Structures are given as structure tokens and as C-alpha cells.
Amino acid sequence: MKPVSPLFEQIDKSISKKMNLFENSFVRYAFRAVLACMFLSLGTAVAFAIAMKGEDIAHGLGKILYAFMFSWSLVMILYMNAELGTSNMLYMTVGVYRKKINVSFAAKILFTCIFFNLVGGVIFGFLVSQTVPFQELAPDNYMLTSISGKLTKGTMQILVEGMFANIVVNTAVLVSMRMKDDAGKIGAIIFLIFIFAFLGYEHVIANFPAFTLAYFASHGTMAAMTVGNVAHNLFFALIGNFIGGGLVMGLGYAWLNDVDTKYLD
């Protein structure tokens with residue numbers, strides 16, 4: 001019998017928990033997925049709010065502050081046991097490869113999670129847009145120009161950035177599993193997520209609340225925010241995220257650990 005690494009023992013337990021909750025209390029599973037985008041909405045809001053203040057101090061400071069503050073979103077999601085579609089790309093792919101779950105059930109969990117992430121992103125993105133920092137924004141502020149830039153990217157750029165974004169997210173998830181204490185875990189998450197946030201890579205779930213917030217904060221006046229541009233970004237970010245999180249990280253590390261060797265994660 002092949003040895004199982006401690007990391008994959010944890011992953012197997014997580015997959016089992018997700019399956020059990022989905023089967024026994026679908027509503028609770030859905031609510032955990034909604035909560036993931038509540039935390040993302042809060043992280044996105046504070047990141048953009050502080051970035052706009054930073055840009056008033058010095059050009060370029062806003063981007064650094066945005067990346068640092070946005071990183072706390074994943075800390076909240078992981079510590080509060082919310083269900084995030086992009087990390088489930090890894091879990092479900094690993095589960096299928098390791099025969100812990102069949103393809104149809106894995107797809108059902110994954111797309112249910114993404115759907116309720118979307119629901120949460122729209123609800124909480126709208127609610128956050130009604131708060132003080134997002135009233136009477138100048139059209140050229142950091143948040144609206146950043147979102148406009150996302151919406152005008154080409155297909156290949158979105159795919160590649162989506163791939164790298166979810167490689168980073170799932171690296172943070174896996175690294176945090178191996179940390180022995182909370183300080184190390186939080187530090188690893190923050191500095192890893194900083195990578196994709198600072199580089200402006202595309203994360204389909206994070207874009208749910210970000211696009212919603214920008215739409216309502218701008219009162220629908222953003223020229224780049226068309227149905228076509230939003231659908232284009234979200235679709236190809238989703239594909240890129242699955243390539244990075246599901247295939248590169250999930251399938252890649254499941255395959256690396258599917259061997260009778262001492263070199264296991």
C-alpha cells in the first residue's frame with residue numbers, strides 16, 4: 001500500500017467534510033459559500049478604500065496598500081471555514097484523482113460553491129457600496145480605474161493571469177495547512193496572496209464583489225462595464241483559475257504524491 005503524506009491526509013479529511021455537509025445540509029453548505037464572498041467583499045472594500053487614500057499621498061502607494069489589505073480576505077475565509085470556489089477547484093480535482101469522490105458529485109459541489117459565491121459577491125458588494133468610503137467617488141479614482149483595466153484585458157492575458165492567481169491562492173492554502181502555529185499561517189497567507197493582488201492577476205470569485213462594488217459605487221457610469229466585458233472576464237478567469245488551481249496544483253501535487261517513495265509532501 002502506498003504511503004499517504006500528512007498533507008494529503010488533511011486534504012482527504014477536508015474533502016470528506018465538504019461532501020458530508022453538502023449531502024446532509026445543503027443550505028448550510030450554500031451559506032458557507034455566501035460567507036466566503038462576505039469576507040471577500042470586506043477585504044476588497046478596505047483594500048480599495050485604503051488604496052484610494054494611499055494614492056492621495058503618493059502615486060503607486062495605493063497598489064501596495066491594496067495588495068496588503070486584500071490579503072486578509074483569505075485569512076478570514078480560511079479561519080472562518082467559508083467555502084471558496086477557487087480552493088475547491090484543488091480539493092475536488094484531488095478528490096477525483098484519489099477516488100474519494102466521483103466526477104459528477106465533485107462538479108456539483110464545485111459549481112454550487114461558485115454559484116453561491118456569486119450570490120454572496122453581488123449581495124455584499126452592493127451593501128458595501130452603500131457605505132461612506134464609496135460615496136461621491138471621482139471617476140478617475142484608483143478603484144474604478146483598476147476595475148476598468150480588468151474589464152478591458154484580452155482573452156490570453158485573463159487566462160494566464162487567472163492561472164497564476166489560483167496557483168498562488170492554492171499555494172497559500174496548502175502552505176497554511178503545513179504551518180504549526182497561527183502566526184506562521186497568517187504570515188504565509190498574507191505574503192503569498194500579496195503576490196497575485198499586487199500583480200493584478202484575475203481571480204473569478206474575488207471579481208464577483210469587486211465588479212459589483214464598482215458598478216454601484218459608480219452608479220453604473222463605467223464605460224468599460226458592459227455585460228460582454230464582465231462575462232468575458234469572469235468566464236476566462238474561471239477557466240484560468242481551474243487550470244492553475246485544479247490542474248497545476250491539484251492534479252499536479254496529487255500525481256506527485258501518488259507513488260511509493262519517501263519524497264512526499
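Determine which member of the set I243, I205, I186 is buried (at least 18 other Cβ atoms within 10 Å of the Cβ) and either basic (K, R) or touching a Cys at 6+ places or on another chain (Cβ under 8 Å) (or both).
None of the other options fit; the residue is I205.
Do the conditions hold for V94, that is, is it over 17 Å from the mean Cα position of the chain (by Cα) and within 30 Å of I15 (Cα to Cα)?
The answer is yes for V94.
Being touching a residue at least 12 places away in the same chain (Cβ under 8 Å), out of contact with any Ser or Thr (no Cβ under 7 Å at 6 or more places or on another chain), in a helix (DSSP H, G or I) and not β-branched (V, I, T) narrows it down to one of A237, A210, so name that one.
A237
Report whether or not F31 is open to solvent by less than 30 Å² (accessible area, probe 1.4 Å) and of a type outside the set (S, T, Y).
no
Could you please give the count of residues in region 19-42 that are touching a residue at least 24 places away in the same chain (Cβ under 8 Å), touching a helix residue (DSSP H, G or I) at 6+ places or on another chain (Cβ under 6 Å) and within 19 Å of L90 (Cβ to Cβ)?
Qualifying residue count for the region: 7.
Select, from G60, G54, G85, the only residue that is open to solvent by less than 30 Å² (accessible area, probe 1.4 Å), over 14 Å from the mean Cα position of the chain (by Cα) and of a type in the set (G, A, S).
G54
The values are calculated or read from the model by the stated rules, or taken from the named source; none is laboratory data. Since the structure is predicted, the reported quantities are computational estimates derived from the model, not experimental observations. Heads up, the Cβs are rebuilt from the backbone with ideal geometry, glycines too, and the neighbour counts pull from every protein chain shown. What goes into the accessible areas is simple: the full protein's heavy atoms, side chains included, and nothing from ligands, DNA or RNA. Shrake-Rupley method; radii C 1.70, N 1.55, O 1.52, S 1.80 Å.
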